[in-house]
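Novice: If you scroll down you'll find the structure; I have some questions about it.
The values are calculated or read from the model by the stated rules, or taken from the named source; none is laboratory data. Being a predicted model, the structure only gives us computed values, none of them experimental. Cβ: placed from backbone, ideal geometry, glycine included. Neighbour counts: every protein chain shown. Only protein heavy atoms, including side chains, enter the accessible area calculation; ligands, DNA and RNA are left aside. Shrake-Rupley method; radii C 1.70, N 1.55, O 1.52, S 1.80 Å.
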Amino acid sequence: MPVSSRLARSESARLPARYYALLLEMIGNAGNSLPRPLSTIGFDALSLQRPGATLALEQVDTLIAAAVEATAREDLGFHLGRLIKPSSHEFLGYALMTSATLDDALRLAARYWRLITPTFSLRHHRDDQDVCIDLEPALPMRPLTLRFHLEALAAAFHEEIGFLLAGRIPAYDLFLPESLAGAASRYRQLAPARVHFAAHGHAGIRIVLSGEAIARPLALADRHALKLARLRCDEALSRLTVEGSMAAWITLMLEESNDHQPRQQELARMLNLSTRTMNRRLAAEGQGFRNLGNLARQQRACRLLAGTRLAITRIAYQLGYRDAANFSRAFRRHHGMSPLDYRTRMSGPVDPGQRD
């Protein structure tokens, strides 16, 4: 979903409280206390510990500002990220740990990312050799809050890769916004990551891992435990849609499914709904599944054409088309140009291998 669409939903965004409870614990362990009681921003420390507790983005803004004021430190996000492990994510963490390979874990993280935070989107895509993880701001945030989350996500990703691979962290490329370049010395702690600033041209984070790295098996892989953990993740996602927008949830799932275009029956099963009930809820929001699917497919096509080196035929198959010709016709109807012309316009001259 375009960032602008996500921004329109920011007023109702709720963030899992468990990570901010860890922030308070970190501050307390360092001998600091907040400059004013938590009750002044509408919650208390005990409420943060309750399962399923959430905070409004405005509360998170206030909490982060108070934490920086109490500690006089601007690296709190980085150090919080280094404390985060897969188990910090509740059932999603168990799903990550029991996945077969690192790539499987990354795909699960993309699928269930909404259970971690709505502040950023996560996209997992691969070209012929490497896998890219893009984390982009999905909500409008104050500069201090944005920086805090950027640093926390970069550090947490590094720590969680290390945990999943039993400390055998592979060399990888970490691309960060230029706004973090002043903290370059801090990121040397994330070796063997190769850290770059502003090289990817985005406001978020890009992580690039080799095919060899993501194929590594995980020590705690357990097919049965993974199945149970995924069921609980599906239930948690279902709860997020009870009072929210069905169309927004479906769009999110369609956009963040990387290896295939989910069918309506598959998404309905995740919510324990019949397709008839799903269609009724969509109709009440003035939407239809077919239209949402077509829009999501075209948006994914644009990202793959502009952001990867995948051949057009492979992109067509990944998007669920029978062949490249059908994909090209659909793309031209929607965008007024061929996939090749779009890639050339967005990325410059095309290598011959990217044409077919």
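Novice: Considering only residues that are open to solvent by less than 10 Å² (accessible area, probe 1.4 Å) and not aromatic (Phe, Trp, Tyr), which ones fall in the range 178-205?
Specialist: Of the residues in the range 178-205, the ones open to solvent by less than 10 Å² (accessible area, probe 1.4 Å) are 180, 183, 187, 190, 204-205.
Those that are open to solvent by less than 10 Å² (accessible area, probe 1.4 Å) and not aromatic (Phe, Trp, Tyr): Leu180, Ala183, Leu190, Gly204, Ile205.
Novice: Can you name every residue in the range 124-176 that is part of a loop (DSSP other than H, G, I, E, B) and β-branched (Val, Ile, Thr)? It would help to see each step written out before you state the result.
Specialist: Initial filter on the range 124-176 (part of a loop (DSSP other than H, G, I, E, B)): 127-129, 138-142, 165-172.
Matches in the range 124-176: Ile169 only.
Novice: Which of the residues spanning the range 53-73 are free of Cβ contacts under 8 Å to residues at least 40 places away in the same chain and open to solvent by 20 Å² or more (accessible area, probe 1.4 Å)? Explain how you work it out, then say what you get.
Specialist: Our first condition is that a residue be free of Cβ contacts under 8 Å to residues at least 40 places away in the same chain; within the range 53-73, this holds for 53, 58-59, 62, 66, 69, 72-73.
Listed by number, the residues that qualify are Ala53, Glu58, Gln59, Thr62, Glu69, Ala72, Arg73.
Novice: Test Arg147 against the stated conditions and say whether it is open to solvent by 10 Å² or more (accessible area, probe 1.4 Å), touching a helix residue (DSSP H, G or I) at 6+ places or on another chain (Cβ under 8 Å), of a type outside the set (Phe, Trp, Tyr) and modelled with pLDDT of 90 or more.
Specialist: On the way: open to solvent by 10 Å² or more (accessible area, probe 1.4 Å): yes; touching a helix residue (DSSP H, G or I) at 6+ places or on another chain (Cβ under 8 Å): yes; of a type outside the set (Phe, Trp, Tyr): yes; modelled with pLDDT of 90 or more: yes.
For Arg147, the condition - open to solvent by 10 Å² or more (accessible area, probe 1.4 Å), touching a helix residue (DSSP H, G or I) at 6+ places or on another chain (Cβ under 8 Å), of a type outside the set (Phe, Trp, Tyr) and modelled with pLDDT of 90 or more - is met.
Novice: Testing Ile133 on (1) open to solvent by less than 10 Å² (accessible area, probe 1.4 Å); (2) over 12 Å from the mean Cα position of the chain (by Cα), one condition comes back false. Which one is that?
Specialist: The failed condition is (2).
Novice: Same structure, new question: Please enumerate the residues belonging to the range 2-34 that are modelled with pLDDT of 85 or more and part of a helix (DSSP H, G or I).
Specialist: Arg18, Tyr19, Tyr20, Ala21, Leu22, Leu23, Leu24, Glu25, Met26, Ile27, Gly28, Asn29
Novice: Which count do you get for residues in the range 29-52 that are loosely packed, with under 13 Cβ neighbours inside 10 Å, closer than 26 Å to Gly93 by Cα and of a type outside the set (D, E, K, R)?
Specialist: Number of matching residues: 4.
Novice: Could you grab me the full set of residues in the range 168-221 that are of a type in the set (D, E, K, R) and either within 16 Å of Cys132 (Cβ to Cβ) or touching a residue at least 24 places away in the same chain (Cβ under 8 Å) (or both)? Spell out how you get there, then give the answer.
Specialist: We begin by selecting, within the range 168-221, every residue of a type in the set (D, E, K, R); these are 168, 173, 178, 186, 188, 194, 206, 212, 216.
Arg168, Asp173, Arg186, Arg194, Arg206, Glu212, Arg216 - these are the residues of the range 168-221 that are of a type in the set (D, E, K, R) and either within 16 Å of Cys132 (Cβ to Cβ) or touching a residue at least 24 places away in the same chain (Cβ under 8 Å) (or both).
Novice: Right, here's the next one. Does the range 302-328 hold any residues that are among the small types (Gly, Ala, Ser), within 16 Å of Arg126 (Cβ to Cβ) and out of contact with any helix residue (DSSP H, G or I) (no Cβ under 6 Å at 6 or more places or on another chain), and which are they?
Specialist: Hit for the range 302-328 is Gly307, nothing else.
Novice: Give the range 104-123 a look and list any residue that's part of a strand (DSSP E or B) and within 16 Å of Leu15 (Cα to Cα), or say none. Quick ask: steps written out before the conclusion?
Specialist: Pass one, the range 104-123, residues part of a strand (DSSP E or B): 120-123.
Those that are part of a strand (DSSP E or B) and within 16 Å of Leu15 (Cα to Cα): Phe120, Ser121, Leu122.
Novice: Quick one: is Leu165 aliphatic (A, V, I, L, M) and more than 16 Å from Ile205 (Cα to Cα)? Lay out the reasoning, then the answer.
Specialist: Working: aliphatic (A, V, I, L, M): yes; more than 16 Å from Ile205 (Cα to Cα): yes.
For Leu165, the condition - aliphatic (A, V, I, L, M) and more than 16 Å from Ile205 (Cα to Cα) - is met.
Novice: Quick one: Ile161 ticks every box in (1) under 19 Å from Lys85 (Cβ atoms); (2) in contact (Cβ under 8 Å) with a residue 60 or more places away in the chain; (3) out of contact with any Lys or Arg (no Cβ under 6 Å at 6 or more places or on another chain) except a single one, so which number is it?
Specialist: That leaves (2) as the condition not met.
Novice: Would a scan of the range 84-98 turn up a residue that is in contact with a strand residue (DSSP E or B) (Cβ under 7 Å, 6 or more places away or on another chain), at negative phi and surrounded by fewer than 19 Cβ atoms within 10 Å (Cβ to Cβ)? Don't jump to the end; show me each part of the working.
Specialist: Let us first name the residues in the range 84-98 that are in contact with a strand residue (DSSP E or B) (Cβ under 7 Å, 6 or more places away or on another chain), namely none.
No: the range 84-98 contains no residue that is in contact with a strand residue (DSSP E or B) (Cβ under 7 Å, 6 or more places away or on another chain), at negative phi and surrounded by fewer than 19 Cβ atoms within 10 Å (Cβ to Cβ).
Novice: Here's a follow-up. Got a sec? Which of Asp104, Asp128 is over 22 Å from Arg186 (Cα atoms), charged (D, E, K, R) and at pLDDT 90 or above? Even if it seems obvious, please write down each step before you answer.
Specialist: Working: Asp128 fails: at pLDDT 90 or above.
Only one candidate qualifies: Asp104.
Novice: Out of Ala154, Ala198, Ala193, Ala181, which single residue is touching a Gly at 6+ places or on another chain (Cβ under 8 Å) and under 30 Å from Ala72 (Cβ atoms)?
Specialist: Details: Ala198 fails: touching a Gly at 6+ places or on another chain (Cβ under 8 Å); Ala193 fails: touching a Gly at 6+ places or on another chain (Cβ under 8 Å); Ala181 fails: touching a Gly at 6+ places or on another chain (Cβ under 8 Å).
The match here is Ala154.
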